[in-house]
Amino acid sequence: MQEKKALKEEKLKQEEKYMWAIVDGVKEKVGNFRVEPPGLFRGRGEHPKMGKLKKRIHPRDIIINIGEDAPVPECPIPGERWKEIRHDNTVTWLCYWSDPINPKLFKYVFLAASSSLKGQSDKEKYEKARLLKDYIENIRAAYTKDFTSKDITKQQIAVATYLIDKLALRAGNEKDDDEADTVGCCTLKVENVTREAPNKLQFNFLGKDSIKYENTVEVELPVYNAILKFQKDKGPSDDLFDKLDTNKLNTHLKELMPGLTAKVFRTYNASFTLDDKLAKDTKDGDVAEKMVVYNHANKEVAIICNHQRSVSKSHSAQMTKLNEKIDELQAVLKELKVDLDRARKGKPPTKSSDGKSKRNLAPEALEKKISQTNAKVEKMRRDMMTKEDLKTIALGTSKLNYLDPRITVAWCKRHEVPIEKIFNKSLIAKFAWAMDVDPDFRF
DNA sequence: ATTGTGGACTCAGAAACTTGGTG
DNA sequence: TCACCAAGTTTCTGAGTCCACAA
């Protein structure tokens, strides 16, 4: 115990000198500062490069970015030196190296999420998404009009924007053959969308991280007809939007609102939904009841964004265990009821299963025990339902990346829910910029 | 001009690790 | 009190988005 603590402190002391950077005179926390150790590349899903050897990174691979007058960090490996020292104040990275699996790509060391630099850009992201509120009505009107445009590019842009808006799909950049075969909106293939007459579309594709997206939605009839047209005379693996790519789409979106891109819709959709659900569903009640409302809203967002997780290996074992516990409590309950009956008639309690005799309790005491046990069973039942309900849903990703923290902070202030109930220590640090929000803030 | 590409940043789920509750 | 285990948190690193710039 003592040893462990000392060991931990020693480790922290060693790492301390890598943990901070002075940016414009302010000490800021650095994100991850370790290079990735060598090993075998796995990749997500069916990755063409699976099993490739990932080579060790040396100081000679690393480019460092520091101020003109800042001292060059000492190279930790004797006899080696850094690849390059740069002084670029237009970027935020502290250093980078080539990804050994794909040398065209870089790996970076950035400041931590809690740094003011990241906080500022996080805030800007949400401000942009909020700006979309002022434009969304016109944007929807415009693309609805273009559902039937004779200009096929315009029509494809309209339908793609509709799907991104309605379903929070990702933009969908082109991918190389040496990457996993996944798609987003612009790269959907004919086979990814099945029409279901008269006006339903069935989506089935692998998205980012090879996570399966399955969703059947009712769409406006002109959209249905446009999809029918885009699929006509094409093979299953042909591009659904053959006149479209993310570049064209974003260029178009920028004409509708300054800085608008496809991903803004995802942020907007997520944050809007949270704000909306909280406003509609929050009732008077205790903190626990309000937490249920919050988690419900969070779940809805996670489903919209298709944030999934694999079922934990021990899930079914855990459920079985909980069931057994409930059964045990039920048996206890049954016995308590018999004893209560007897106690009321002035009889002594029954013998317990191991043959020992029990303490003589007043009926009132037994009644109390029964109601306590009942409450316990109810709580376990609820916990089990929630556990089962959320076994494939990841709530964390949206909390971290899509939900404007000011919605949560303001809601907590209005409803007297401690923010610690919803944000853990690192989220509170990351969202420091949002903590002093006005309680009346709405997204 | 349009398209392609390098570059830099956000977003992603799983694994590893820590904490805390419980029998 | 102690061992266990599930929940919570942090780390890891892969996978997207999108911009700038140039051919």
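The values are calculated or read from the model by the stated rules, or taken from the named source; none is laboratory data. Since the structure is predicted, the reported quantities are computational estimates derived from the model, not experimental observations. Cβ coordinates were reconstructed from backbone atoms using ideal geometry, including for glycine residues, and neighbour counts include every protein chain displayed.
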For segment A:156-187, what are the residues that are assigned to a loop (DSSP other than H, G, I, E, B), more than 11 Å from DNA strand C (Cβ to nearest atom) and not small (Gly, Ala, Ser)? A:ASP177
List pairs: first in segment A:141-154 and over 14 Å from A:LEU249 (Cα atoms), second hydroxyl-bearing (Ser, Thr, Tyr), Cβ under 8 Å, 6+ apart or cross-chain? A:THR144/A:TYR162; A:PHE147/A:TYR162
Hey, which of the helices (runs of 4 or more DSSP H) in segment A:324-443, taking only ones fully inside, have at least 1 residues that are surrounded by fewer than 11 Cβ atoms within 10 Å (Cβ to Cβ)? A:363-389, A:425-430
Which of (1) closer than 29 Å to A:LEU206 by Cβ; (2) within 13 Å of DNA strand B (Cβ to nearest atom); (3) of a type outside the set (Asp, Glu) does A:LYS52 not meet, given it meets every other one? (2)
For segment A:101-113, give me the residue count where each residue is under 27 Å from A:LEU427 (Cα atoms), more than 10 Å from DNA strand C (Cβ to nearest atom) and either small (Gly, Ala, Ser) or out of contact with any strand residue (DSSP E or B) (no Cβ under 9 Å at 6 or more places or on another chain) (or both). 0
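Let's see how each residue does on (1) within 13 Å of DNA strand C (Cβ to nearest atom); (2) more than 30 Å from A:SER121 (Cβ to Cβ); (3) without any contact (Cβ under 8 Å) to a residue 24 or more places away in the chain:
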position	(1), (2), (3)
A:SER312	yes, yes, no
A:ASN323	yes, yes, no
A:VAL332	no, yes, no
A:SER371	no, yes, yes
A:ALA375	no, yes, yes
A:ARG381	no, yes, no
A:SER398	no, no, no
Selection status of A:ASP284, assigned to a loop (DSSP other than H, G, I, E, B), surrounded by fewer than 13 Cβ atoms within 10 Å (Cβ to Cβ) and not assigned by TED's automatic domain parsing to the domain that holds A:ALA168: yes
